[in-house]
1. Bin width 10 Å, origin at 0, all Cα-Cα pairs of chain A: what percent of pairs per bin?
2. In terms of the ratio Rg/(2.2 N^0.38 Å) built on C-alpha atoms, what value belongs to the stretch B:209-271?
3. Arrange the following residues from fewest to most other Cβ atoms within 10 Å of their Cβ: B:Ser182, B:Ser243.
4. Nearest 500 deg cm²/dmol is fine: what mean residue ellipticity at 222 nm does chain B get from its DSSP H runs of n ≥ 4 alone, each adding -39,500 (n - 2.57), divided by its residue count?
5. Take every Cα-Cα distance within the protein assembly as shown, group them into 10 Å bins from 0 onward, and report for each bin the whole-number percent of pairs it holds.
6. Could you list the trypsin sites (Lys or Arg not before Pro) in the stretch A:78-110 that lie in coil according to DSSP, counting only those with at most 16 other Cβ atoms within 10 Å of their Cβ?
7. If neighbour count is taken as other Cβ atoms inside 10 Å, put B:Val68, A:Val12 in order from fewest to most.
8. Using the Kyte-Doolittle scale, which helices in chain B average at least -0.5 and also have C-alpha atoms spread 15 Å or more along the helix axis, with helices defined as whole DSSP H runs?
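Since every read-out is calculated from the coordinates, none of them should be taken as a lab result. All figures in this text were calculated on a predicted structure; none of them were measured in a lab. Note that we place each Cβ from the backbone using ideal geometry, even for glycine, and neighbour counts take in every protein chain shown.
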Amino acid sequence: MYAAFALLAGIVAGIFLQPTVPDWMAPYLPIAVIAALDAVFGGLRARLDRIFDSKVFVVSFVANVLVAAFIVFLGDQLGVGSQLSTAVVVVLGIRIFGNVAAIRRHIFKA
Amino acid sequence: MPEEPDTGSTERAVRRNPVPALLTSLLGDSLDPGYAAAAQRRDGTASPPDGRRGPARWWYWAAGLLAVGLVLGIAARATAASAPSAENTRSALLGDVRAAQQRVDALAARASALGAGIRSVQQSLGATALLSTVADLEQDGGMTPMHGPGLQIVIDNAGDANGPGAIQDSDIDLLVNGLWASGAEAVSVGGVRLRTTSTIRQAGGAMLVDNTPVFFPIAIDAVGDPSRLHVAIVATEGFARFSAFASLYHIRFDLEAKTDITLPAAPAPDLRYASAVPTSR
């Protein structure tokens with residue numbers, strides 16, 4: 001319950017406080033979104049598996065965002081930024097898909 | 001990691017084509033292994049229910065979700081903010097293109113008006129014989145507007161510009177060359193007068209005549225003796241191709257004799273490298 005409130009509060013704050021995104025940060029925003037979705041669905045699945053741990057949730061989210069951003073940053077410096085961001089999106093996308101499938105099995109038993 | 005030497009054990013199934021470990025872990029372990037490890041540290045028990053969770057844990061949880069929400073909210077806001085700017089850029093570019101086209105039209109009109117002025121001044125000065133030669137040359141080069149009886153051909157695609165039945169640039173080329181061969185004295189394609197260096201090319205879905213985009217249905221006007229043109233064009237390869245297209249793909253292909261067709265002047269030739277040889281008097 002509190003979790004949903006915190007998530008909603010974050011989204012509302014992000015939309016209405018209109019924090020300005022610095023230009024250098026703009027390429028990493030989509031990556032951060034994918035990593036955030038991965039963390040949320042991973043956490044939800046862990047919750048349903050009854051092995052949820054809030055520390056793991058927070059640390060994995062922050063670390064994933066940082067590592068993904070770093071990989072993309074490195075790729076940008078090497079001239080393969082778009083390919084590496086594709087790699088990050090593919091890996092995180094597969095994870096999101098697998099987690100959502102597991103959540104679906106939990107909820108619908110199918 | 002080095003392969004384990006085969007100890008001769010027969011119970012171990014040998015996989016000839018092992019699945020790469022990377023792909024297996026990617027497809028199998030969609031959940032962060034940290035959760036399982038943390039559960040193991042708690043002696044494999046389930047996570048404590050909300051009520052018994054310590055305050056520190058609770059704050060982790062709330063702060064993490066707040067951060068996640070912030071990221072999603074900021075991204076939503078940034079996406080919404082960048083969409084109109086992309087749209088604005090597009091419409092501004094379109095406006096620029098239109099303004100440039102209008103400017104080209106205005107300049108071309110001014111150039112032909114100035115050309116007409118020059119001709120009338122030259123005529124009033126005399127030198128008629130020389131001027132008539134120049135006028136003939138200008139007519140041959142397509143630099144003056146012309147009118148006269150002729151033939152109008154209207155062609156149009158049979159549907160999608162990329163599907164079957166789409167007219168290609170080379171088809172129009174062939175048809176126009178047929179018109180020249182049939183004795184046309186001046187030709188315009190889609191309202192663009194052809195000069196000696198004109199090209200008809202295709203760029204994506206657009207047809208470019210002398211780098212000016214023209215749109216289907218395209219009217220091809222040719223000045224010449226209409227009956228002679230009509231008889232001669234029927235024997236050309238271009239006509240045969242288009243009449244085959246018309247019966248096979250149902251493209252539009254209409255021929256009509258006109259008593260008076262007016263063709264605009266072609267733009268003056270743009271010489272980039274050539275300049276006149278200085279004459280010694």
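1. Final binned percentages: 13, 38, 34, 14, 2.
2. Values: Rg = 14.4 Å, N = 63, 2.2 N^0.38 = 10.6 Å.
That works out to 1.36 for the stretch B:209-271.
3. Details: B:Ser182 22, B:Ser243 14.
Fewest to most other Cβ atoms nearby, the residues stand as B:Ser243, B:Ser182.
4. Values: 7 runs with 136 residues, N = 281.
Mean residue ellipticity, 222 nm, calculated: -16500 deg cm²/dmol.
5. Spelled out per bin, shortest first, that is 4, 14, 16, 12, 10, 11, 12, 10, 6, 3, 1, 0.
6. In loop regions of the stretch A:78-110 (DSSP not H, G, I, E or B), the sparsely surrounded trypsin sites (Lys or Arg not before Pro) are A:Lys109.
7. Details: B:Val68 27, A:Val12 13.
Taking fewest neighbouring Cβ atoms as first place, the list is A:Val12, B:Val68.
8. On the way: long enough: B:55-125 (103 Å, 0.35); B:128-140 (18 Å, 0.23); B:169-181 (18 Å, 0.45); B:237-249 (17 Å, 0.48).
Both cut-offs are met by B:55-125, B:128-140, B:169-181, B:237-249.
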